Amino acid sequence: MDIYTILSQVLVGLSRTVILFIVSSGLSLILGVLRIPNVAHGSLYMLGAYTAYTISKFFGGQDLGFWVALIGAPLFVALVSFIAERCVFQFLYEREHLMLLLLTFGFSLIFGDLVKMVWGGEYKTVPVPKVFQGYILLFRHLHLPLYNAFLLIIGPLVAFLLWLFVNKTKMGKISRAAAVDREMVGAVGINVSWVFGMTFVAGCFLAGLGGMLVAPTISVTLGMDHSLIMESFLIVIIGGLGNIWGALIGALIFGLTQSIGILIWPKFGIILPYAAVVMVLTFKPKGLLKSTW
Amino acid sequence: MVKVEKKKLIAAVLVIFLLFPLILPRFYVYLTSLIMIYGLLATSLNLVLGYGGIFQFHHCVFYGVGAYATALILTKTSLHPIFAFIAGPICGSVLSLILGIVCIRLSKLYFGMLQISLGSLVWAIVYRWYSFTGGDDGIHGIPIPEIFASTNGAFYFALMITTVSMFVIYGIVNSPFGKTLQGIRDNPVRCEMIGVNVRLHQLLALTISGFFAGVAGMLFVVVDTTVFPELLFWTLSLEVLIMCLVGGWFTFFGPMLGAGIIILLRTVVSTYTVYWALVLGIILTLVIFFLPNGVLGFIEEKFGRGLKRENV
């Protein structure tokens, strides 16, 4: 095992980190503001990937399809989540966590079966656009697939935009205030229900974006939600509930331990991220960064 | 008055259950065994969740580990089967104690999340360790002692163990320990103030509940003669949570009833459509909206008061 193998594995881990970060930052946003442990988040991620497949197929696998999917798939997921939020979730914000957890689990079951109904059980593949086929040579033996490079650019971009949204826009500030004291925000004449709804939709948009971005790198299949939702919950927990930078750090820990783990111990590498989570929570029970509640 | 009726009711149900293998076809006997197993599992979860107020999200780990312990001893060693039947519950409770010690410092949602992550760790080990646990294939055709090998034998064994376990859990819930546990659920700070060791009580409750989850796992091996990693996957844990919810959290027999409802519905719906998860999701949403206390909670609310009034 030479240094290049390790470095390229680190790069693979970093691209995985980007996906994990995008999905779990959405989850963290919802958890931090609405206090809903949204199990259906993983299903929305899966829905994003399947929608990307359909859009890309509609354009015959052309590059244009990818770019349309990049915008269209997350928007479609956001629309679905908007309907779910306005029809069901908004009436249940006051319930305890356990109920909300089970409710969102119910939704994940429903979404899972709807996806099975519409797309069937076979594996789907989304082609990597021609612009991103090939490699760039970083160093002597160190190749980086162009699509991964694209992911490595998208990741910080999303983080930056999310930071802008939460810290610099009025909407973001209101949502942060509503996370701390819901009644007070309502008392100054802001429609809290809509703020919550919009935050929920924004979080789900990120889930759809994550699903869309991951689609060209894996085979899109049923059940891809189950492993991901567990990982993103853990990321959110070790980062600190509702903290977006925490989600970034958590995703880094998870993505890197995962890729390195597979390299050094192929059989049990899968255990390494979970062990890392246990380590973190043993020393920092409330997560690495400050949580919003 | 009500209490006598309850006793009669339980006796009647037990007698009917005893007659089941004589009147029902084999499939339904097997189904009833499954309902009892999942009912016991849900009841053991309810001990910590409904009575203890601890967010035990990943309860199936103890169930799965109990099942695997029993299965491994039966297949890989030549020990007397009785050891296998004892080992399941013991492993469940020991693992529950270990996870409890790690998680108990956290409260509510954090507890549940850490518990799920540790449980997933156990799942990942079972899933990957091909040479020991059979990996994702699991273990099939586990040799069960002759008397329990038939469907009816397994049914009577499951009935016996489940009945005894239910009585023991009922005793625990109504013991001073159980009352203290409910006090901790309602107000942990006050309990701490009057000198109750909150952590110790919660740990003990977790250990007991892990023990009975292990019992359920052991019964599953006897009835189904297979084990597979899905037994400790987190979706099954949430399904058991749903059973508790549908039956009713704050009632003793609620989880058992919920298990019956869910498993029967699954059997019926599966004959018509492959989309059982969709149906379950819709049922779950409706229950959360309209029956937040579950079926039994609803009945007690509606008719329990009426009964009491009659007594007065």
Residue set A:I249, A:I235, A:I260, A:I264; condition of a type in the set (V, I, T) and within 14 Å of chain B (Cβ to nearest Cβ); output residue A:I235
- Task: Evaluate the following for A:I71: is it in a helix (DSSP H, G or I), out of contact with any Cys (no Cβ under 6 Å at 6 or more places or on another chain), aliphatic (A, V, I, L, M) and away from every other protein chain (no Cβ under 14 Å)?
- Result: yes
Do we have B:M160 as within 18 Å of the chain's Cα centre (by Cα) and without any contact (Cβ under 8 Å) to a residue 12 or more places away in the chain here?
-> yes
Taking segment B:53-71 and keeping only residues that are part of a loop (DSSP other than H, G, I, E, B) and of a type in the set (S, T, Y), one is left with none
Flagged in segment B:21-48 as in a helix (DSSP H, G or I) and more than 22 Å from the chain's Cα centre (by Cα), in numbering order, are B:P21, B:L22, B:I23, B:R26
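Matching residues to (1) farther than 23 Å from B:Y68 by Cα; (2) free of Cβ contacts under 8 Å to residues at least 60 places away in the same chain; (3) away from chain A (no Cβ under 14 Å):
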{"position": "B:S107", "(1), (2), (3)": "yes, yes, no"}
{"position": "B:G119", "(1), (2), (3)": "no, no, no"}
{"position": "B:A124", "(1), (2), (3)": "no, yes, no"}
{"position": "B:F132", "(1), (2), (3)": "no, no, no"}
{"position": "B:Y156", "(1), (2), (3)": "no, no, yes"}
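In the set A:V88, A:V115, A:V131, A:V77, which member is in contact with a Leu (Cβ under 8 Å, 6 or more places away or on another chain), under 18 Å from A:T199 (Cα atoms) and more than 10 Å from every other protein chain (Cβ to nearest Cβ)?
Working: A:V88 fails: more than 10 Å from every other protein chain (Cβ to nearest Cβ); A:V115 fails: under 18 Å from A:T199 (Cα atoms); A:V131 fails: under 18 Å from A:T199 (Cα atoms).
Exactly one residue qualifies, and that residue is A:V77.
Kindly indicate the residue of segment A:242-261 that is out of contact with any helix residue (DSSP H, G or I) (no Cβ under 6 Å at 6 or more places or on another chain) and at pLDDT 85 or above and also farthest from A:G155 (Cα to Cα) among those meeting that condition.
Checking each candidate, the answer is A:I260.
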- Query: Does segment B:238-246 contain any residue that is outside any helix (DSSP H, G or I), in contact with a Cys (Cβ under 9 Å, 6 or more places away or on another chain), within 14 Å of another protein chain (Cβ to nearest Cβ) and in contact (Cβ under 8 Å) with a residue 60 or more places away in the chain?
  - Reply: no
Of the residues in segment A:258-286 that are within 22 Å of the chain's Cα centre (by Cα) and among the hydroxyl-bearing types (S, T, Y), the one that is surrounded by the most Cβ atoms within 10 Å (Cβ to Cβ) is A:Y274
Using the structure shown, decide if B:M256 is among the aliphatic types (A, V, I, L, M) and under 28 Å from B:L114 (Cβ atoms). no
When A:P266 is run through (1) assigned to a helix (DSSP H, G or I); (2) over 23 Å from B:R105 (Cα atoms), the failure sits at (1)
Taking segment B:271-304 and keeping residues within 12 Å of chain A (Cβ to nearest Cβ), loosely packed, with under 15 Cβ neighbours inside 10 Å and not aliphatic (A, V, I, L, M) leaves B:T273, B:F289, B:F290
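Can you tell which of B:L232, B:L278, B:L236 is under 24 Å from A:A40 (Cβ atoms), among the hydrophobic types (A, V, I, L, M, F, W, C) and in contact with a Phe, Trp or Tyr (Cβ under 7 Å, 6 or more places away or on another chain)? Steps first, answer last, please.
Values: B:L278 fails: in contact with a Phe, Trp or Tyr (Cβ under 7 Å, 6 or more places away or on another chain); B:L236 fails: in contact with a Phe, Trp or Tyr (Cβ under 7 Å, 6 or more places away or on another chain).
On inspection, the qualifying residue turns out to be B:L232.
One line per residue, one yes/no per condition, for (1) in contact with an Asp or Glu (Cβ under 7 Å, 6 or more places away or on another chain); (2) under 30 Å from A:A276 (Cβ atoms); (3) surrounded by fewer than 16 Cβ atoms within 10 Å (Cβ to Cβ):
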residue: A:T169; (1), (2), (3): no, no, yes
residue: A:K173; (1), (2), (3): no, no, yes
residue: A:V192; (1), (2), (3): no, no, no
residue: A:S227; (1), (2), (3): no, yes, yes
residue: A:F233; (1), (2), (3): no, yes, no
residue: A:W245; (1), (2), (3): no, yes, no
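The values are calculated or read from the model by the stated rules, or taken from the named source; none is laboratory data. Please read these numbers as outputs of a predicted model, since none were measured by experiment. Note: ideal-geometry Cβ built from the backbone for every residue, glycine included; neighbour counts use all protein chains shown.
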